[in-house]
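Reviewing the structure listed below.
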Amino acid sequence: MKKIASIFKNKEIVNRIFFTIMILLVIRIGAAITVPGVTPQGELSNALNEAGAVALMDLLGGGALSNFSIFALGVSPYITAQIIVQLLQKDVLPALTELSKQGQYGRKKTEMATRYLTLMLGAVQAYGIIKTMENSEYIAINMSLNFWTYAYIIVIMLAGTMTVMWLGDQITEKGLGNGISVVIFAGCIRSLPIQISTAFKTWVGPDTYKVPSELIKGSFQFALYVLAFLLILAFVVFVERSVRKIPVQHSGKSGGQTASMAKASFLPIKLNSAGVIPVIFASSILMAPSVIASFITSDTSAEWLKIFSISETVTMPWFDGSTWQMPWGLIIYVVLILLFTFFYSSIQIDPEKLAENFRKNGSYIPGVRPGNETERYVKKVVNRVTCIGAIALAFIAALPVVLTLSGIFGSNSSLAIGGTGLIIAVGVSIEIMNQIDGLLAGKTFDEVQATAGRG
C-alpha cells in the first residue's frame with residue numbers, strides 16, 4: 001500500500017500512466033474500425049478461439065484481427081523485421097554490422113532500415129492474411145476482386161501498422177514500458193475477464209442453481225480452474241524472474257571491495273533470455289505453408305496442411321488396418337520452440353564478446369582463467385540455463401494446445417489456460433514495475449539531494 005501511495009504522489013508517474021491509458025484507448029478505438037469493403041464472418045471468431053496461428057496473429061495485433069480492423073496487422077511485421085535485422089547484424093551483412101558499432105547514429109540508421117523492411121514484410125503478410133482468410137471464408141470482400149481492391153486493403157492495413165508503431169513509440173517516450181510490448185500486452189489481457197466470466201458461466205451458470213448438487217460440483221470445478229490459472233501464472237512469473245548469477249570480480253578493486261559490493265557484482269543469465277521470440281518464430285514458420293498454399297490454390301483445407309496446424313491431429317494408419325491420431329503440428333511446434341530458444345539465446349548472450357569485455361575491463365570470474373576458459377565456462381552455463389528455459393517456454397506455449405486437444409474443456413477451447421499471451425503479459429508487467437521502481441528511486445534521490453543542499 002505504501003508503494004501504491006508513493007506512485008500516486010509522484011506526478012510524473014501518474015502522467016505517464018494516464019498517457020499510456022489514453023494511447024491504448026485510441027488503439028482500441030482503431031481496433032473496432034473494420035477495413036472498408038470487408039465483412040468478417042462467424043468462422044473468424046471460431047478460429048480465434050482455437051490455440052492456432054490465427055489466434056497468435058490476433059494476439060500480436062492487440063486483438064484487432066477479430067473484426068479485421070484497420071489495425072489487424074498490429075506490430076507483427078515490425079517484430080519480424082526487427083528479428084531479421086538483428087540476425088543480419090551478426091556478421092552476416094557487413095554494413096549493418098558496422099552500423100551496430102556506431103552508437104546513437106548507428107541505432108537511428110538501423111531503426112530506419114527496420115521500418116523500411118517492416119513495410120515490405122507488412123505488404124506480403126497483409127496479402128497472405130487476406131487470401132488465407134478469404135479462402136477459409138473468415139472474411140467476405142464486398143468489392144470486385146482485382147489488383148486494385150487488394151492493393152487498397154493492403155495500403156489501409158499498412159497504414160494501420162505504421163500508426164500503431166508510432167503510437168507505441170509515443171508510449172515508449174512519454175508513457176510506461178516499451179511501447180510495442182505494451183500494445184501487445186493490452187491485447188493479451190483484454191480477453192482475461194471474458195475468459196474468467198465464460199468459465200464461471202460454464203460451471204456455475206443459471207442451470208446449476210436448479211440442482212444443489214450440480215451447483216456444488218460446478219463451484220468446485222470453477223475454484224479448481226481459478227487455482228490452476230493462478231499456479232500457472234506463478235510458474236510463468238518464476239520463469240521470467242529466474243536468473244543464474246555468475247560471480248564477477250574486478251582486478252585492482254578487490255582490495256577495497258566490501259562484502260556488499262562483492263555480493264552485488266555478478267553476471268545475470270536469465271532463465272528465459274529469448275522471451276517469446278522463439279514462439280513467434282515457430283508460429284510464423286508453421287503458418288507459412290498455409291499462406292503459400294493460399295497464393296497457389298483456393299483450397300486451403302487440404303489434408304497435408306493439417307500437419308502444420310497445432311490445433312489439429314492427423315489421422316495415421318496402423319498395422320491392423322485401424323487408425324490413430326497424431327498431433328504432428330504440436331510436435332513440430334515444440335521442437336521449433338526448443339531450437340529457436342537456443343538459437344536466439346546465443347544471439348542475445350555472446351560468450352566470446354563477454355570474455356573479451358571482461359579482459360578489457362580487468363574483470364574475471366573467480367576460479368576461471370580469463371580468455372578462452374572464461375568463454376567456455378560462460379557458454380556452458382548459458383547452454384544449461386537455456387535448456388531449462390527452453391523446456392519451460394515450450395511447456396507454457398504448448399499447454400493451451402494440449403488442453404484443447406485433450407478435450408478437457410469440451411468444445412469451448414477458449415477456456416484453455418497458459419500460452420504465449422501469459423508470457424507476454426507477465427514479462428511486460430515486470431518491465432513496467434521495474435521502470436516505476438526506477439522513477440520512484442530517482443525521485444527519492446532528488447529529494448535527498450535537495451535536503452542535503454538546504455542543510
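The numbers here are math on the coordinates, done by the rules we state, and not lab data. Quick caveat: nothing in here was measured; it's all calculated off a predicted structure. Virtual Cβ from ideal backbone geometry, glycine too; neighbours counted across all protein chains shown.
By its C-alpha gyration tensor, with a ≥ b ≥ c as the square roots of the eigenvalues, how is the stretch 149-252 shaped: rounded for a/c under 1.5, else prolate for a/b larger than b/c, else oblate? Here the stretch 149-252 falls in the oblate category.
What does the C-alpha gyration tensor say about the overall shape of the stretch 116-164? Classify as rounded when a/c is under 1.5, otherwise prolate if a/b is larger than b/c, or oblate. All intermediate terms of the calculation are to be shown ahead of the outcome.
Numbers: a/c = 2.03, a/b = 1.68, b/c = 1.21.
The shape class here is prolate.
When only DSSP loop residues count, what trypsin sites (Lys or Arg not before Pro) in the stretch 87-168 have their Cβ near at most 15 other Cβ atoms within 10 Å? Filter output for the stretch 87-168: LYS90, LYS101. Pairs spanning more than 24 Å between alpha-carbon atoms, out of LYS108/LYS174; LYS11/LYS109; LYS9/LYS270; LYS90/LYS306; LYS90/LYS270; LYS2/LYS245: LYS11/LYS109; LYS9/LYS270; LYS90/LYS306; LYS2/LYS245.
Return the FRET efficiency for the residue pair MET112, PHE147: r is the Cβ-Cβ distance, R0 is 35 Å, and the value is rounded to the nearest 0.05. Calculated value: 0.75.
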